[in-house]
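Notes for the one structure printed next.
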Amino acid sequence: ICGYIGGISECIEKSDEVKESGTIVYFNPETGEQCSNYQEENSNNDNKEGCMKWYIYNDSSDSMAYNLLLDHNTTAVTAWNSKGNNKDTSEINAKLREDTKSWQDNLNARLISANEVAQIVGNNDFNSKISGFDKWFFFQDSSNNESTGPGNLCKDLDSGCKYAWLYDRTKDNCKEEYGCANNAVGSNSTVHYGYWTSDFIVDKFPSIWVVNNRGNLTDQNAANALRGIRPVITIPKSLISN
């Protein structure tokens, strides 16, 4: 399969192997290369440099590239739009560009979409273009029943919390409280409660869909600086060795 990834010509041999969402890779966006010198401090919120931990998601055998979600926020908390305009992305995009200015341009750093989050957890009923706030959902069972979470989401599951990586490093002790996080926030990091997606909520002005520390997709007023920036990048599969 041949095509262009980030403006670069790329060819791969089609494979039946599909990486499970949540598969960890270590990648340095400044050099554009897979790396092996990751340190735990590199996952502290507000860190934007070096060899960092990423999660592959929504892979397919037909795809030439991996979408990678960072395991922490490059800016712990910021407003989406301080004037409360949930359709004006200029402010959040400017902050994203500032956070990723030293990264390779062809990585196309962006925010994850609410639809991508729904696809990860298998919620086929969600569509950000038409779904109102009544379609918010928990990741583990795609319900919006408060009785299922947050404390009850993962504690009774033999496999643990399958989608913990989606809300990694989102609150102190969240592993103990909610079953979330491969790593808690850490004493040297700014506590926050999740991160912004790229989508506004069609029937709840001025709110944005956010990934929450309780393991759900929910709302946040665009002007409230309570969520952070967690970039997604796209890289050719050939950059990652198995």
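The values are calculated or read from the model by the stated rules, or taken from the named source; none is laboratory data. Just so we're clear, the structure is a prediction, and the values are computed from it rather than from any experiment. Every residue, glycine among them, receives a Cβ derived from its backbone with ideal geometry; neighbour counts consider all protein chains shown. Only protein heavy atoms, including side chains, enter the accessible area calculation; ligands, DNA and RNA are left aside. Shrake-Rupley method; radii C 1.70, N 1.55, O 1.52, S 1.80 Å.
Take the residues of the stretch 217-242 that are within 18 Å of Glu17 (Cα to Cα) and of a type in the set (A, V, I, L, M): which is surrounded by the most Cβ atoms within 10 Å (Cβ to Cβ)?
Filtering first and then ranking leaves Ile235.
Need a quick list: strands (runs of 3 or more DSSP E) entirely within the stretch 1-86 having at least 1 residues that are open to solvent by less than 30 Å² (accessible area, probe 1.4 Å), of a type in the set (Phe, Trp, Tyr) and at pLDDT 95 or above. Don't jump to the end; show me each part of the working.
Numbers: elements: 2-5, 8-11, 24-28, 52-57, 65-70, 75-78.
Because the criterion is at least 1 residues that are open to solvent by less than 30 Å² (accessible area, probe 1.4 Å), of a type in the set (Phe, Trp, Tyr) and at pLDDT 95 or above, the strands (runs of 3 or more DSSP E) in the stretch 1-86 that meet it are 24-28, 52-57, 65-70.
Out of (1) in contact with a helix residue (DSSP H, G or I) (Cβ under 8 Å, 6 or more places away or on another chain); (2) of a type outside the set (S, T, N, Q); (3) farther than 13 Å from Ile112 by Cα, the odd one out for Ala223 is which?
(1)
Of all residues in the stretch 87-103 being without any contact (Cβ under 8 Å) to a residue 12 or more places away in the chain and assigned to a loop (DSSP other than H, G, I, E, B), which is nearest to Gln39 (Cα to Cα)?
Lys101
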